[in-house]
Every structure is written in C-alpha cells, then in structure tokens.
Amino acid sequence: KTVVQRLWHGDASVAMLIPRLQKSMRNWVSLNKHHVAYRGRRGQAQDARGVLCELKERARLKTLDGTEQPFSGLGWDKLVPVLTLEHLSGQGSKFKSCAVVASAGAMLHSSLGNEIDSHEAVLRFNSAPTEGYENDVGNKTTIRIINSQIPALPRYHFNTSSLYQGISLVAWDPAPYSVDLPRWYRNPDYDLFTPYKERRRLHPNQPFYILHPKFIWQLWDVIQGNFLESIQPNPPSSGFIGILLMMSLCEEVHVYEYIPSLRQTDLCHYHERYYDAACTLGAYHPLLYEKLLVQKMNTGSLNDLKTKGKITLPGFSSFDC
Ligand code: C5P
C-alpha cells in the first residue's frame, strides 16, 4: 500500500516516506530554526473526540489586536479592523457550511467546482487562482490565507493583483516559538508588517488580519502532543491553519484534497507545473502528522475521501466537550 492509501485509514508513518523526505525532516528537527522548546505531553494520537476537544480547548483563534508591545506602542489598535475575524460570519452567528480548498495538484480534473461554490464560505490559500480552473476549484472566494511571502515578495503583486481584492485576508509569518513579539517584529521571516500597514491605509474597509503567533504555535503543540516522535519544529502548513480557522468560523467544514484522493499526484499545485512529493507529504511543515490528525477527526465517508479527497469536520460550535 502507498502512504496515501495508509493515510485514508489513519495508519501512515514517516518510515513509509521516500528517503529524501525522511532526511529533510530529520534536518529540520536538528536545525530547530524557530527555537522550539516543547515541554508538553507526547503520546499516541487520541480518538476523534479527544483530538476535537483538545483543539477546541487549546487552539483558540487569535489575531493581532494592537494591544501588546511592540504593536500597542505603534498605534496598531487603530490600524487593525474594528470588527474581529469572528465577525466575518455575522455577529454571533457562524457560516453554516464552509469549503477549504487545498492547492494540491490533485484538484485538477476533480470537477468539484460546483460543490465547492455551494458552500456558504470558501477558504483558499496564497496565490491559488480560480480563473481558468473554475470547473475543478470553483470561483467563490470568501477568505484567503496568505503566508508572509505574498505581501513581501514583488512577484506576487500583492497591491495590484485581483486575487487579493474584494475578499477577507488573513496573513501569518513564523515567529519564534517563545512568541517574543518585539523580536518577531524586528526580524520576521518575510516583512509582512510594512505591506500590512500600507494596505490598511489604502483599503481600510477590507477585512485584513494577521494571525497571532500564539495561535500558530498552540496548533503545533496539539499536533506534537499526539505523536511519540519529534515532529518538524516548524509551523503547521497554511492548510492546517486554515482548517482550524474555519472550524472556529463555521458550523461544518468540508476540506478538499488536503488528504489526497485517488487523483493523488506529485504535482505540487494545480496551477503550476512543479513536481515535488514534499508539497503533499511534508518537508518543512509537519504535513504528514497534520494530515493524520485531520483524518482522525473526519466524519465523512471513506468513499468521499477516495473520490473527492474530501474530509468533513464539525465546527467548534457544533459539539460540547
Ligand atoms: O503550497 P501552499 O501552502 O500555498 O498550499 C496551501 C495548502 O494546501 C498547504 O499549506 C497544504 O496544507 C495544502 N497542500 C497539500 N498538498 C499539496 C499542496 C498544498 O496538502 N500538494
């Protein structure tokens, strides 16, 4: 059986990855770029309910609100949107049903476009386009999660591209594990702070948030806590962050081609001719572990997973712990 077939049944392991990916993972563990010092539990993954409740309890959605240094001293309390990210679905209510569209090559020839657009809200990632791919990925975008390379690197044309207009934006950047905000502000992976300030000035009505690094590392802690071995000490992928964001905003979340269907391919993105198994199974990001955890929470059918690459998850408001 292949790694992906094992993933469908929740029994994939790092030992099944090609040697190049295993080596890359080990290198990230020894480099420990973000100075991770994890002191929590490590154990076999809990059952679905255990994982859901741990995430609901510990992975509290949080964005920069300008009340902490250095942001408070820089007037960011007036820079961030007045309404919080949770308000996007309407005051006190949630989106009924949401789609999260992974950018994987396996989206190609899926014909999932209509199904994706039928959800009340659709989350997409980074520079993943809809134009020209409507039949497979749909054309509705409600929120886009972007890593800090998108606003920082000229090649993404953040200020002029239509990909980032008329929707809500949520940006993130890997801060140190200690969540030292002044140090992060001085030395982000890519400078997202300058373009953020500029865009808030130019488009004050566009909902645009920066995720709090505490949220990102709490997600990482939950992933690590459910495995015995050391996972890559790097932030979870945008995919995992986006899934957890939508579990806070939606009553039900449908995730497409995050865990690959039968269309599984080494094609990294549906919109680029670049092949690398690391995009699906991880090198920098602890992707395989993220996916094992998400598989565990799936309430959808095995058939939907195989044919659509679809995982169904309850929103946090839909269950009690
Ligand atoms: O590559 P990028 O981060 O923009 O893709 C968005 C997300 O989609 C990733 O963070 C990852 O979670 C998911 N993805 C995947 N398999 C791929 C490509 C992307 O699971 N081949």
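The values are calculated or read from the model by the stated rules, or taken from the named source; none is laboratory data. For clarity, every value in this text was computed on a predicted model and none was experimentally measured. As a convention, Cβ positions derive from the backbone with ideal geometry for all residues, glycine included, and neighbour counts pool all protein chains shown. With ligands, DNA and RNA removed, areas are computed over all heavy atoms of the protein, side chains included. Shrake-Rupley method; radii C 1.70, N 1.55, O 1.52, S 1.80 Å.
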For region 131-172, what are the residues that are open to solvent by 10 Å² or more (accessible area, probe 1.4 Å), of a type in the set (Val, Ile, Thr) and within 14 Å of the ligand (Cβ to nearest atom)?
THR141
Any idea which residue in region 280-321 is least open to solvent (accessible area, probe 1.4 Å), counting only those that are within 17 Å of LEU219 (Cα to Cα) and hydroxyl-bearing (Ser, Thr, Tyr)?
TYR289
Under the condition of being among the hydrophobic types (A, V, I, L, M, F, W, C) and in a strand (DSSP E or B), which residue from region 248-270 is nearest to the chain's Cα centre (by Cα)?
VAL255
Lone unmet requirement of (1) surrounded by fewer than 24 Cβ atoms within 10 Å (Cβ to Cβ); (2) away from the ligand (no atom under 11 Å from the Cβ) for ASP266:
(2)
Looking at region 238-257, which of the residues that are within 14 Å of the ligand (Cβ to nearest atom) and open to solvent by 10 Å² or more (accessible area, probe 1.4 Å) is nearest to THR280 (Cα to Cα)?
GLY239
State all residues of region 284-319 that are aliphatic (A, V, I, L, M) and away from the ligand (no atom under 12 Å from the Cβ); if no residue qualifies, say none.
LEU292, LEU293, MET297, LEU302, LEU305, LEU313
